[in-house]
Amino acid sequence: MIALASDHAGFAYKEKIKEILQQRGISFKDYGATSDESSDYPDFAHHASEAISQGECDRGIFVCGTGIGVGIVANKHKGVRAAMCQIPEAARLARLHNNANVLTIGERLLDWETASEIITVFLDTNFEGGRHTARVEKIHSLTNK
Ligand code: RB5
């Protein structure tokens, strides 16, 4: 189950991401925003991050104007490893090395072609494990988050 979140500035891409997930038969839960009316990204990113923390969703894709605000919120939640990606290679490495469970992107910074490629890579790449396993575990043990 993928948790989706945005604010007004990420709303259009969030709706397009839903189409990608529907086409691929991937289930998702939409934590808002519900329109492109001005709103506050922490409200939506917080609820979606909690769903991941509590195991109700296994991954998330969050969108705001830059991808930065929703990423800051996400990384304050226990068990969440959010990666803001602007190129597909970053999404690939975020999955391979960091086992990132949340992708954040900026609708104002990325054209849709690039954004959709990043999303595809995020969905299709598995954690490499091995030497990265202990490092990823330390993220949580050292921060107690
Ligand atoms: C909204 O104007 C914008 O600040 C927000 O979408 C995001 O980019 C914040 O990080």
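Throughout, read-outs are computed from the coordinates displayed, never taken from laboratory work. Since the model is a prediction, treat every value here as computed from it, not as a measurement. Positions of Cβ are backbone-derived with ideal geometry, glycine not excepted, and every protein chain shown enters the neighbour counts.
Filtering the stretch 82-105 down to residues that are in a loop (DSSP other than H, G, I, E, B) and within 9 Å of the chain's Cα centre (by Cα), which residue is nearest to the ligand (Cβ to nearest atom)?
100
Hey, could you check the stretch 17-38 for residues that are of a type outside the set (Asp, Glu) and within 16 Å of the ligand (Cβ to nearest atom) and say which is nearest to residue 124 (Cα to Cα)?
Per the stated criteria, the residue is 17.
So which of 3, 12 ends up being among the small types (Gly, Ala, Ser), in contact (Cβ under 8 Å) with a residue 40 or more places away in the chain, more than 22 Å from residue 144 (Cβ to Cβ) and more than 16 Å from the ligand (Cβ to nearest atom)?
3
Only residues that are out of contact with any helix residue (DSSP H, G or I) (no Cβ under 8 Å at 6 or more places or on another chain) and either touching a residue at least 24 places away in the same chain (Cβ under 8 Å) or in a helix (DSSP H, G or I) (or both): list them for the stretch 15-43, please.
Hits for the stretch 15-43 are 15, 18, 19, 21, 22, 23, 40, 43.
Given the options 137, 128, 113, name the one that is in a helix (DSSP H, G or I), over 22 Å from residue 18 (Cβ atoms) and more than 14 Å from the chain's Cα centre (by Cα). Can you show your working first?
Details: 128 fails: in a helix (DSSP H, G or I); 113 fails: over 22 Å from residue 18 (Cβ atoms).
Step by step, each of 137, 128, 113 is checked, and only 137 is in a helix (DSSP H, G or I), over 22 Å from residue 18 (Cβ atoms) and more than 14 Å from the chain's Cα centre (by Cα).
Could you list, in sequence order, the residues of the stretch 122-145 that are surrounded by 13 or more Cβ atoms within 10 Å (Cβ to Cβ) and over 26 Å from residue 88 (Cβ atoms)?
140, 145
State whether one or more residues within the stretch 111-128 are in contact with a Gly (Cβ under 9 Å, 6 or more places away or on another chain) and not small (Gly, Ala, Ser).
Looking through the stretch 111-128, none of the residues is in contact with a Gly (Cβ under 9 Å, 6 or more places away or on another chain) and not small (Gly, Ala, Ser).
Of the residues 104, 114, 34, 66, which is closer than 24 Å to residue 137 by Cα and of a type in the set (S, T, N, Q)?
Details: 114 fails: closer than 24 Å to residue 137 by Cα; 34 fails: closer than 24 Å to residue 137 by Cα; 66 fails: closer than 24 Å to residue 137 by Cα.
After applying the criteria, what remains is 104.
Among the residues in the stretch 106-125, are any away from the ligand (no atom under 16 Å from the Cβ) and over 25 Å from residue 12 (Cα atoms)?
No, there is no match, as no residue in the stretch 106-125 is away from the ligand (no atom under 16 Å from the Cβ) and over 25 Å from residue 12 (Cα atoms).
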